[in-house]
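The values are calculated or read from the model by the stated rules, or taken from the named source; none is laboratory data. Quantities reported herein were computed from a predicted structural model and do not represent experimental measurements. As a convention, Cβ positions derive from the backbone with ideal geometry for all residues, glycine included, and neighbour counts pool all protein chains shown. Areas reflect the complete protein model, heavy atoms only, side chains present, ligands, DNA and RNA absent. Shrake-Rupley method; radii C 1.70, N 1.55, O 1.52, S 1.80 Å.
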Amino acid sequence: MKNKKILFCLFVIVVLLIQACNLPSANATEVVDPMVAAQSTITALAQTQQAQLAAIPTNTAQPTFTALPTLSPTPEATFTPAFTSTPTFAYVTLSEATNCRVGPGTAYSLLDTFLVGQTIEVVGKHPFDNYWYVRSPKNANVYCWLWGAYATGANLNNVPVLTPPPSPTPAPTGTFTAEYVNSGKCVSWWTRINLTNKGTVPFKSMSVSIKDTVTDETRNSSGDGFQDVNACVLSAKAPILGPGDAYTIVSPSLSADPAGHKLSVTITLCPNTGQGGACVSQTIEFKP
(Lines give C-alpha, C1' and ligand atoms only; values in the text may rest on other atoms or scores of the structure.)
Protein backbone atom coordinates (compact mmCIF):
# COMPACT_ATOMS: atom_id res chain seq x y z
CA MET A 1 0.00 0.00 0.00
CA LYS A 2 2.83 2.18 1.04
CA ASN A 3 4.59 1.43 -2.23
CA LYS A 4 1.54 2.37 -4.22
CA LYS A 5 1.44 5.75 -2.51
CA ILE A 6 5.08 6.31 -3.27
CA LEU A 7 4.53 5.44 -6.94
CA PHE A 8 1.50 7.72 -7.17
CA CYS A 9 3.42 10.59 -5.60
CA LEU A 10 6.24 10.09 -8.09
CA PHE A 11 3.72 10.10 -10.98
CA VAL A 12 2.21 13.35 -9.76
CA ILE A 13 5.62 14.92 -9.42
CA VAL A 14 6.54 13.89 -12.99
CA VAL A 15 3.32 15.29 -14.35
CA LEU A 16 3.83 18.55 -12.54
CA LEU A 17 7.37 18.75 -13.80
CA ILE A 18 6.22 18.17 -17.36
CA GLN A 19 3.58 20.88 -17.10
CA ALA A 20 6.07 23.20 -15.54
CA CYS A 21 8.35 22.79 -18.56
CA ASN A 22 5.56 23.63 -20.98
CA LEU A 23 4.59 26.90 -19.31
CA PRO A 24 5.66 30.06 -21.22
CA SER A 25 8.50 32.06 -19.74
CA ALA A 26 8.98 35.78 -19.95
CA ASN A 27 12.67 35.30 -20.57
CA ALA A 28 12.35 32.42 -22.99
CA THR A 29 13.56 33.07 -26.62
CA GLU A 30 11.39 31.61 -29.38
CA VAL A 31 13.42 29.66 -31.92
CA VAL A 32 12.32 30.43 -35.63
CA ASP A 33 13.15 28.17 -38.57
CA PRO A 34 15.33 30.20 -41.09
CA MET A 35 13.77 28.57 -44.20
CA VAL A 36 10.31 29.44 -42.95
CA ALA A 37 11.37 33.05 -42.32
CA ALA A 38 12.95 33.42 -45.80
CA GLN A 39 9.88 32.01 -47.49
CA SER A 40 7.70 34.43 -45.55
CA THR A 41 9.92 37.35 -46.63
CA ILE A 42 9.80 36.32 -50.32
CA THR A 43 6.05 35.92 -50.16
CA ALA A 44 5.66 39.37 -48.59
CA LEU A 45 7.89 41.01 -51.22
CA ALA A 46 5.97 39.36 -54.07
CA GLN A 47 2.68 40.55 -52.63
CA THR A 48 4.07 44.12 -52.35
CA GLN A 49 5.35 44.11 -55.97
CA GLN A 50 2.00 42.84 -57.24
CA ALA A 51 0.25 45.59 -55.37
CA GLN A 52 2.57 48.22 -56.86
CA LEU A 53 2.09 46.88 -60.40
CA ALA A 54 -1.65 46.85 -59.94
CA ALA A 55 -1.51 50.51 -58.94
CA ILE A 56 0.23 51.51 -62.26
CA PRO A 57 -2.37 52.43 -64.93
CA THR A 58 -2.29 50.23 -67.99
CA ASN A 59 -1.67 52.08 -71.29
CA THR A 60 -3.29 50.05 -73.99
CA ALA A 61 -2.78 52.61 -76.81
CA GLN A 62 -0.07 51.61 -79.33
CA PRO A 63 2.61 54.25 -79.97
CA THR A 64 2.10 56.22 -83.18
CA PHE A 65 5.12 56.87 -85.41
CA THR A 66 4.93 59.87 -87.74
CA ALA A 67 6.76 59.26 -91.02
CA LEU A 68 9.40 61.82 -91.93
CA PRO A 69 8.62 63.82 -95.07
CA THR A 70 10.31 62.55 -98.24
CA LEU A 71 12.94 64.99 -99.43
CA SER A 72 12.90 65.64 -103.16
CA PRO A 73 15.59 67.58 -105.04
CA THR A 74 14.84 71.22 -105.59
CA PRO A 75 14.49 71.84 -109.34
CA GLU A 76 16.91 74.30 -110.86
CA ALA A 77 15.55 77.71 -111.55
CA THR A 78 14.43 78.21 -115.12
CA PHE A 79 14.33 81.57 -116.78
CA THR A 80 11.39 82.36 -118.94
CA PRO A 81 12.41 84.52 -121.89
CA ALA A 82 10.64 87.76 -122.32
CA PHE A 83 7.59 87.43 -124.52
CA THR A 84 8.26 88.44 -128.10
CA SER A 85 5.29 88.87 -130.36
CA THR A 86 5.41 87.17 -133.75
CA PRO A 87 5.41 89.73 -136.57
CA THR A 88 2.26 89.79 -138.69
CA PHE A 89 4.11 91.11 -141.75
CA ALA A 90 6.17 88.99 -144.14
CA TYR A 91 9.67 88.52 -142.81
CA VAL A 92 12.76 86.32 -142.87
CA THR A 93 15.61 85.59 -140.48
CA LEU A 94 19.06 84.33 -141.41
CA SER A 95 21.13 81.34 -140.30
CA GLU A 96 24.24 82.93 -141.84
CA ALA A 97 25.24 86.56 -142.37
CA THR A 98 24.18 87.56 -145.91
CA ASN A 99 24.88 90.48 -148.24
CA CYS A 100 22.07 92.61 -149.57
CA ARG A 101 22.61 94.30 -152.95
CA VAL A 102 21.06 96.76 -155.35
CA GLY A 103 19.97 93.82 -157.51
CA PRO A 104 19.70 90.03 -157.26
CA GLY A 105 23.30 88.95 -157.87
CA THR A 106 26.92 89.59 -157.07
CA ALA A 107 27.28 91.83 -160.14
CA TYR A 108 25.23 94.50 -158.33
CA SER A 109 26.66 96.95 -155.81
CA LEU A 110 26.61 95.94 -152.14
CA LEU A 111 24.27 98.00 -149.94
CA ASP A 112 24.30 96.19 -146.59
CA THR A 113 25.10 92.96 -144.77
CA PHE A 114 22.51 91.45 -142.42
CA LEU A 115 23.45 89.32 -139.42
CA VAL A 116 22.12 86.08 -137.98
CA GLY A 117 18.88 86.50 -136.01
CA GLN A 118 17.76 89.85 -137.41
CA THR A 119 14.08 90.12 -138.38
CA ILE A 120 14.04 91.44 -141.95
CA GLU A 121 10.81 92.66 -143.51
CA VAL A 122 10.09 91.21 -146.97
CA VAL A 123 8.25 93.43 -149.46
CA GLY A 124 8.77 91.48 -152.71
CA LYS A 125 10.35 88.45 -154.35
CA HIS A 126 12.18 87.55 -157.54
CA PRO A 127 9.98 86.04 -160.28
CA PHE A 128 11.97 82.79 -160.43
CA ASP A 129 15.26 83.09 -158.53
CA ASN A 130 15.88 82.69 -154.79
CA TYR A 131 16.02 86.38 -153.88
CA TRP A 132 13.85 88.51 -151.59
CA TYR A 133 13.36 92.23 -151.87
CA VAL A 134 13.60 93.48 -148.29
CA ARG A 135 13.59 96.58 -146.13
CA SER A 136 16.78 97.07 -144.13
CA PRO A 137 16.26 96.59 -140.37
CA LYS A 138 18.94 99.25 -139.87
CA ASN A 139 17.38 101.93 -142.09
CA ALA A 140 13.70 101.84 -143.05
CA ASN A 141 14.43 103.92 -146.16
CA VAL A 142 16.84 101.36 -147.65
CA TYR A 143 15.61 98.46 -149.81
CA CYS A 144 17.77 95.76 -151.35
CA TRP A 145 17.81 92.24 -152.77
CA LEU A 146 18.69 89.49 -150.28
CA TRP A 147 19.85 86.03 -151.32
CA GLY A 148 17.48 83.46 -149.80
CA ALA A 149 19.88 80.53 -149.32
CA TYR A 150 20.12 81.14 -145.55
CA ALA A 151 16.70 82.78 -145.11
CA THR A 152 13.60 81.31 -143.45
CA GLY A 153 10.49 83.21 -142.45
CA ALA A 154 6.73 83.48 -142.34
CA ASN A 155 3.76 85.20 -144.01
CA LEU A 156 5.53 84.94 -147.36
CA ASN A 157 2.72 83.48 -149.49
CA ASN A 158 1.22 86.81 -150.52
CA VAL A 159 4.48 88.67 -151.15
CA PRO A 160 4.26 90.34 -154.58
CA VAL A 161 6.54 89.34 -157.43
CA LEU A 162 8.80 92.22 -158.49
CA THR A 163 10.82 92.83 -161.63
CA PRO A 164 14.51 93.12 -160.71
CA PRO A 165 16.60 95.99 -162.03
CA PRO A 166 18.57 95.43 -165.24
CA SER A 167 22.01 93.88 -164.90
CA PRO A 168 24.67 96.51 -164.36
CA THR A 169 27.07 97.26 -167.16
CA PRO A 170 30.37 95.72 -166.11
CA ALA A 171 33.12 98.23 -165.51
CA PRO A 172 35.94 98.05 -168.03
CA THR A 173 38.87 95.99 -166.82
CA GLY A 174 42.39 97.31 -167.21
CA THR A 175 45.23 95.32 -168.69
CA PHE A 176 49.01 95.73 -168.79
CA THR A 177 52.27 93.95 -169.50
CA ALA A 178 55.34 93.59 -167.29
CA GLU A 179 58.95 92.91 -168.38
CA TYR A 180 62.23 92.49 -166.47
CA VAL A 181 64.77 95.28 -167.13
CA ASN A 182 67.81 94.78 -164.87
CA SER A 183 69.02 94.38 -161.29
CA GLY A 184 71.57 96.31 -159.20
CA LYS A 185 72.75 97.07 -155.71
CA CYS A 186 72.77 100.09 -153.49
CA VAL A 187 72.45 99.07 -149.85
CA SER A 188 70.67 95.89 -150.99
CA TRP A 189 69.68 94.34 -154.32
CA TRP A 190 66.89 95.96 -156.36
CA THR A 191 65.11 94.84 -159.55
CA ARG A 192 63.55 97.09 -162.19
CA ILE A 193 60.36 96.12 -164.07
CA ASN A 194 58.88 97.93 -167.08
CA LEU A 195 55.06 98.30 -167.10
CA THR A 196 52.95 99.18 -170.14
CA ASN A 197 49.23 100.00 -169.88
CA LYS A 198 47.54 98.06 -172.71
CA GLY A 199 43.93 98.92 -171.85
CA THR A 200 41.60 101.90 -171.57
CA VAL A 201 41.59 102.15 -167.76
CA PRO A 202 44.21 104.35 -166.06
CA PHE A 203 45.99 102.93 -163.01
CA LYS A 204 46.58 104.95 -159.84
CA SER A 205 48.06 102.49 -157.33
CA MET A 206 49.99 99.26 -157.25
CA SER A 207 51.48 96.50 -155.10
CA VAL A 208 54.59 94.43 -155.84
CA SER A 209 55.74 91.10 -154.39
CA ILE A 210 59.16 89.63 -155.26
CA LYS A 211 60.47 86.20 -154.24
CA ASP A 212 63.93 84.67 -154.63
CA THR A 213 63.12 80.98 -155.18
CA VAL A 214 66.67 79.96 -154.21
CA THR A 215 66.93 81.76 -150.84
CA ASP A 216 63.13 81.72 -150.30
CA GLU A 217 63.25 85.43 -149.37
CA THR A 218 60.04 87.36 -150.12
CA ARG A 219 59.57 91.15 -150.00
CA ASN A 220 56.37 93.17 -150.52
CA SER A 221 55.46 96.82 -151.07
CA SER A 222 52.37 98.84 -152.03
CA GLY A 223 51.39 102.45 -152.52
CA ASP A 224 49.82 105.10 -154.70
CA GLY A 225 51.63 106.20 -157.87
CA PHE A 226 54.70 104.70 -159.59
CA GLN A 227 58.36 105.18 -158.79
CA ASP A 228 61.74 104.17 -160.31
CA VAL A 229 65.35 104.18 -159.09
CA ASN A 230 68.20 105.96 -160.85
CA ALA A 231 71.78 105.63 -159.56
CA CYS A 232 70.42 104.47 -156.20
CA VAL A 233 68.14 107.51 -155.94
CA LEU A 234 64.37 107.10 -156.15
CA SER A 235 62.69 109.20 -158.81
CA ALA A 236 59.60 111.32 -158.31
CA LYS A 237 56.33 109.39 -158.32
CA ALA A 238 54.17 109.31 -161.43
CA PRO A 239 50.58 109.53 -160.07
CA ILE A 240 48.89 107.78 -163.01
CA LEU A 241 49.81 105.11 -165.53
CA GLY A 242 47.38 106.11 -168.28
CA PRO A 243 46.22 104.07 -171.30
CA GLY A 244 49.20 103.42 -173.57
CA ASP A 245 51.73 104.72 -171.01
CA ALA A 246 54.91 102.82 -170.09
CA TYR A 247 56.90 103.26 -166.89
CA THR A 248 59.78 101.47 -165.20
CA ILE A 249 59.26 100.72 -161.52
CA VAL A 250 61.62 99.38 -158.86
CA SER A 251 60.70 96.32 -156.79
CA PRO A 252 61.40 95.89 -153.05
CA SER A 253 65.08 95.14 -152.41
CA LEU A 254 66.49 91.67 -151.61
CA SER A 255 69.26 91.09 -149.10
CA ALA A 256 71.20 88.56 -151.24
CA ASP A 257 72.63 88.87 -154.74
CA PRO A 258 69.93 87.38 -157.01
CA ALA A 259 72.31 86.75 -159.93
CA GLY A 260 71.58 83.32 -161.41
CA HIS A 261 68.56 82.83 -159.12
CA LYS A 262 65.06 82.44 -160.45
CA LEU A 263 62.94 85.37 -159.25
CA SER A 264 59.14 85.48 -159.25
CA VAL A 265 57.54 88.93 -159.30
CA THR A 266 53.78 89.64 -159.02
CA ILE A 267 52.58 93.17 -159.88
CA THR A 268 49.00 94.30 -159.15
CA LEU A 269 47.70 97.54 -160.66
CA CYS A 270 44.48 99.23 -159.49
CA PRO A 271 42.35 102.03 -161.01
CA ASN A 272 41.79 103.72 -157.63
CA THR A 273 44.16 104.90 -154.95
CA GLY A 274 44.70 102.68 -151.94
CA GLN A 275 44.61 99.55 -154.14
CA GLY A 276 40.90 100.09 -154.77
CA GLY A 277 38.66 99.26 -157.70
CA ALA A 278 38.89 96.41 -160.21
CA CYS A 279 42.57 95.52 -159.82
CA VAL A 280 44.48 93.29 -162.25
CA SER A 281 47.67 91.30 -161.72
CA GLN A 282 50.59 89.91 -163.71
CA THR A 283 53.29 87.43 -162.57
CA ILE A 284 56.62 87.11 -164.37
CA GLU A 285 59.64 84.88 -163.68
CA PHE A 286 63.25 85.50 -164.75
CA LYS A 287 66.92 85.13 -163.78
CA PRO A 288 68.97 88.32 -163.40
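Mind checking which residues of the stretch 182-197 are surrounded by 14 or more Cβ atoms within 10 Å (Cβ to Cβ) and either more than 20 Å from S255 (Cβ to Cβ) or among the hydrophobic types (A, V, I, L, M, F, W, C) (or both)? Scanning the stretch 182-197 gives W189, W190, I193, N194, L195, T196, N197.
Condition check for A238 on (1) of a type in the set (A, V, I, L, M, F, W, C); (2) touching a Lys or Arg at 6+ places or on another chain (Cβ under 7 Å); (3) without any contact (Cβ under 8 Å) to a residue 24 or more places away in the chain: one failure, at (2). Within the stretch 200-234, the residues that satisfy the criterion of being assigned to a loop (DSSP other than H, G, I, E, B), in contact with a strand residue (DSSP E or B) (Cβ under 7 Å, 6 or more places away or on another chain) and open to solvent by less than 70 Å² (accessible area, probe 1.4 Å) are P202, T213, G225, Q227, D228.
Residue pairs whose Cβ atoms lie under 6 Å apart, separated by 6 or more positions or on different chains, with the first residue in the stretch 264-288 and farther than 13 Å from G223 by Cβ and the second of a type in the set (D, E) and open to solvent by 20 Å² or more (accessible area, probe 1.4 Å), are S264/E285.
Identify the residue in the stretch 97-138 that is acidic (D, E) and modelled with pLDDT under 95 and, among all such residues, is nearest to the chain's Cα centre (by Cα).
The selected residue is D112.
Quick grid of which residues meet (1) among the β-branched types (V, I, T); (2) in contact with a Pro (Cβ under 7 Å, 6 or more places away or on another chain):
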position: A178; (1), (2): no, no
position: V181; (1), (2): yes, no
position: S188; (1), (2): no, no
position: I193; (1), (2): yes, no
position: T200; (1), (2): yes, yes
